[in-house]
1. Is it true that B:Asp75 is in contact with a helix residue (DSSP H, G or I) (Cβ under 8 Å, 6 or more places away or on another chain) and part of a loop (DSSP other than H, G, I, E, B)?
2. Looking only at residues in region A:21-49 that are at pLDDT 85 or above, more than 17 Å from B:Lys69 (Cβ to Cβ) and in contact with a helix residue (DSSP H, G or I) (Cβ under 9 Å, 6 or more places away or on another chain), which one is surrounded by the fewest Cβ atoms within 10 Å (Cβ to Cβ)?
3. Can you find a residue that is farther than 15 Å from B:Ala210 by Cα, more than 10 Å from chain A (Cβ to nearest Cβ) and of a type in the set (Lys, Arg) anywhere in region B:139-162?
4. So B:Lys69 ticks every box in (1) basic (Lys, Arg); (2) part of a loop (DSSP other than H, G, I, E, B); (3) under 20 Å from A:Leu26 (Cα atoms) but one. Which box is left unticked?
5. If B:Leu120 meets every condition in (1) outside any loop (DSSP other than H, G, I, E, B); (2) farther than 21 Å from B:Glu248 by Cα; (3) facing another protein chain (nearest Cβ under 7 Å) apart from one, which number is that one?
6. Working only within region B:211-224, note down all residues that are in a loop (DSSP other than H, G, I, E, B) and among the acidic types (Asp, Glu).
7. Among the residues of region B:108-122, which ones are surrounded by 20 or more Cβ atoms within 10 Å (Cβ to Cβ) and either under 13 Å from the mean Cα position of the chain (by Cα) or within 25 Å of B:Ile280 (Cβ to Cβ) (or both)?
8. Testing B:Val183 on (1) buried (at least 24 other Cβ atoms within 10 Å of the Cβ); (2) touching a residue at least 60 places away in the same chain (Cβ under 8 Å); (3) within 10 Å of chain A (Cβ to nearest Cβ); (4) of a type in the set (A, V, I, L, M, F, W, C), one condition comes back false. Which one is that?
Amino acid sequence: MDHYVNHYVVVAIFLVLGILLPVVALTVGRWLRPHKPTDPKRSTYESGNEPVGEGQVKFNIRYYLFALMFVIFDVETVFLYPWAVAYNKLGLFVLVEMFIFAGMLLVGLLYAWKKRVLKWN
Amino acid sequence: MGAWLDEPLSWGNALVLFLWAAVFLLIVLGFVTYAIYYERKVIGWMQLRVGPNRVGPLGLLQTVADIFKLLIKEDTIPRKADRLLFILAPALAFIPSFAVLAVIPYSEKLYFADLNVGLLYYAALSGITTLAIVLGGWASNNKYALLGGMRSAAQMISYEVPLVISIVGVILLSGSLNLKDIVTAQDGGWFWHWNLFPQIIGFVVFFIAAVSELNRTPFDLPEAESELIAGYHVEYSGFRFAFFMLAEYVYVYAIAALTTVLFLGGWHAPAPFLDFVPGIIWFLLKFAFVVFSLFWIRATFPRVRIDQLMSLGWKVLLPVAIANVFLTALWLELFVK
């Protein structure tokens, strides 16, 4: 692990290759594929019928409360990861502390459960 | 690979690393080509069919022909679509799927990037693909695509958390986020030293959540053919569609490799007397088994409903994953320290 910057160079190379492949493949594809757009071809697909109204309609996203809980538990994982890495160097006290922290979140989950937030209605 | 990484960085070295990564990209593309063929064959056999057998010997060139067809197919972008986002989405789906592969170690010597935050890097980047799916669904300006994209977001917020928490048990046991160290920590000679057995609960949660993150059956709601035609990629054709598919199969590679590293002991042999077989062979065997399991699951399970999906994630997997973390921590506290 001496030349530690090398490993991040590799990550950067992977990212560059990941960007290059779609760019190259789609450019090559442009030379090979036909391009004859007609109006029916460019209309929105709706099982063969004329599309009704807009596609980007506003509709009720039923899971926005799930999304709030996702944010809460995702933040929990942010605390769990460093705790888990350093666990062998920490004492019993930190385990109890993490237990209380996760316990509070689980009480929240239980509350949401009882409030029927987790029910898809 | 390891030797190149230990030398000081220079333009020459960077070029060599680049070439290695390019070769690896070709290997991954080859894997995807034959994973698709193999998946169709396996599912065919499980359904008492033959599977592809016309193009080339045993149908081996079927996927090659499919890719070529996609390459020369006309690319239509709907009039009402948001052009920029529509073009961006397939590329954005693919980039993180390939970038996560940088941190996977294949054997003691064969790895690309040995990051201390390897696991975190994987978890962080793999989430971006969902964003691309939502983006593609929205940019298509199509009702099916929008529903598919929204389902994908719902699925991600329900399964990302159990997935990430189920790995915490593994981190507790090895005390590191570095994937190489995680494999090294599973070295004990016998297969029961692998994380699979001490972390069996974590493994089950991880595997279910991983299948869901891959958007594969039984959790393929974003593209549910029988309900949403093709979901988020219904408006995509030609190579843009191919990039969504490519991203899905590169993730199959990634998750199979990650499962091998985290739970199946990476390159370690199952028993001490089998040590003479090179580590990479063991890695590939375990990897192939996980890939096969994913195809097997696809052939056997029906698709779940979205409400079942959400309640499984929140009411079962999340509490079980958190319980697993504390069981592991308690076990370490009482018996190991």
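The values are calculated or read from the model by the stated rules, or taken from the named source; none is laboratory data. Small disclaimer: the values here were computed from a predicted structure and weren't measured. Here the Cβ is made from the backbone with ideal geometry for all residues, glycine too, and neighbour counts use every protein chain on show.
1. Yes, satisfied.
2. Here the residue is A:Val23.
3. Scanning region B:139-162, I find no residue that is farther than 15 Å from B:Ala210 by Cα, more than 10 Å from chain A (Cβ to nearest Cβ) and of a type in the set (Lys, Arg), so the answer is no.
4. Among (1) basic (Lys, Arg); (2) part of a loop (DSSP other than H, G, I, E, B); (3) under 20 Å from A:Leu26 (Cα atoms), the lone unmet condition for B:Lys69 is (2).
5. It is condition (2) that B:Leu120 fails.
6. Result: B:Asp220, single match.
7. Initial filter on region B:108-122 (surrounded by 20 or more Cβ atoms within 10 Å (Cβ to Cβ)): B:111-115, B:118-120, B:122.
Selection gives B:Tyr111, B:Phe112, B:Ala113, B:Asp114, B:Leu115, B:Gly118, B:Leu119, B:Tyr122.
8. Going through (1) buried (at least 24 other Cβ atoms within 10 Å of the Cβ); (2) touching a residue at least 60 places away in the same chain (Cβ under 8 Å); (3) within 10 Å of chain A (Cβ to nearest Cβ); (4) of a type in the set (A, V, I, L, M, F, W, C) one by one, B:Val183 breaks only (3).
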